[in-house]
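Undergrad: Take this structure first; my questions come after.
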Amino acid sequence: MTPFERQLKKALERREPSDGFTDRVLMRVHQQDRIDPSLRNGFLQRIRSWRLIPVLAGALIITGGIAVQRYEREARGEAAKRQLMVAMRIAGSKLHGAQMAVREVEQ
Amino acid sequence: MTTVAGGIDSRQSDAALPSFAETVDVHKAMVFSIGWHFLRDRVAAEELAQDVFLQLYRNWTTMKSPDHVLFWLRKITSHRAIDLVRRRKIRPETSLEEAGEPTVLERVQDSLLSSYLERMVASLPERQRMAIVLRYQEDMDPDEIAKVLDMKVSSVKTLISRGLELLRAKTGRRLGITEYKDSHDTV
């Protein structure tokens, strides 16, 4: 270290703040605690994670709702398909009966 | 429930870390002095130091060790001080060029020379000033300063060496101390 750096180091020595500094800091800490007690012991951070629970529950409900709706739509589609098949079978047999009747008349 | 500061008590869960109150006591001179040497305003420096400790209290549960606390305090104090100057446009009492000629008394009285140097440091640009303060007040090496100021080590070295050059030239010229003019720094 050069003489100049030593002089600089001496000029920049640490200094003490005015008397009662620690007490003033602690007083501000207590005031803050009174205003916002949730700051104690990182409680705020825990609160933040608790806040995630309703959000996650909401997301679960929405996803479940969408799945149920999809299942119901598919079930309705299947039922409609079955009904159509039955109707076509009935129509087919009626048509067959009519054809048979026409042939008997012709003979 | 006891508060962290509190009783002002102790942090029972982590024996390695002293209580918040003890931490304030141990580091108050360091935090206040960074503010004082940077701002050259006692009231602003004390206010800054209080704000830094209040922020430490809010983050107390995340502190892992005394070394972590020390690093955190230096980092937050440095950044807050720089922000404060930029936000409020706080100007140093004197610019480097405007710094007055030392009196004859200053040539012989060491404490006045120190005071002159302090004023000169306070007139440096913000980042350079903070690098010089951390280097010579806190005895930190450029690697540590780079981590605190989020800068490259090479940039820190350049800042310090140019700052020293400026201060040395100015002081040597003003005080007529020739030994300052050709000495090589140890950065």
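Undergrad: What translational diffusion coefficient, in µm²/s and rounded to a whole number, does the Stokes-Einstein relation yield for chain A at 37 °C and a viscosity of 0.692 mPa s, taking the hydrodynamic radius as the Kirkwood radius over Cα pairs? Walk me through the numbers before you get to the answer.
TA: Details: Rh = 23.9 Å.
Estimated diffusion coefficient is 137 µm²/s.
Undergrad: Now for a separate question. Report the accessible surface area buried between chains A and B, summing both sides, using a 1.4 Å probe on protein heavy atoms only, in Å² rounded to the nearest 100.
TA: Values: alone 10700 and 10630 Å², together 17260 Å².
Buried surface at the A/B interface: approximately 4100 Å².
Undergrad: Go ahead and estimate [θ] at 222 nm for chain A from helices alone: -39,500 (n - 2.57) per DSSP H run with n ≥ 4, summed, over the residue count, rounded to 500. Display every interim value, and only then the final one.
TA: On the way: 4 runs with 87 residues, N = 107.
Using -39500 (n - 2.57) per qualifying helix, the result is -28500 deg cm²/dmol.
Undergrad: Sequence neighbours fewer than 8 away in the same chain don't count; with that in mind, list the lysines whose C-alpha is under 22 Å from residue B:157.
TA: Result set, ordered by chain and number: A:9, A:10, B:75, B:147, B:170, B:181.
Undergrad: Heavy atoms only, probe 1.4 Å: what % of the accessible area of chain A goes to carbon and sulfur, would you let me know? Intermediate results must be reported in sequence, preceding the final value.
TA: Working: 5250 of 8540 Å².
That fraction is 61 percent.
Undergrad: Could you compute the FRET efficiency for residue B:154 and residue A:70, with r as their C-beta to C-beta distance and R0 at 51 Å, rounded to 0.05?
TA: 0.25
Undergrad: Tell me, what is the 1.4 Å probe accessible area of residue A:18, in Å² to the nearest 10?
TA: Around 40 Å² of this residue is reachable by solvent.
Undergrad: If the label point is 7 Å along Cα→Cβ of residue B:55, which residues in the range B:19-45 have backbone nitrogen under 19 Å from it?
TA: B:20-21, B:23-45
The values are calculated or read from the model by the stated rules, or taken from the named source; none is laboratory data. Quick caveat, the model's predicted, so the values are computed rather than measured. In this analysis, Cβ positions are derived from the backbone assuming ideal geometry, glycine residues included, and neighbour counts consider all displayed protein chains. For accessibility, only protein heavy atoms count, side chains too; no ligands or nucleic acids. Shrake-Rupley method; radii C 1.70, N 1.55, O 1.52, S 1.80 Å.
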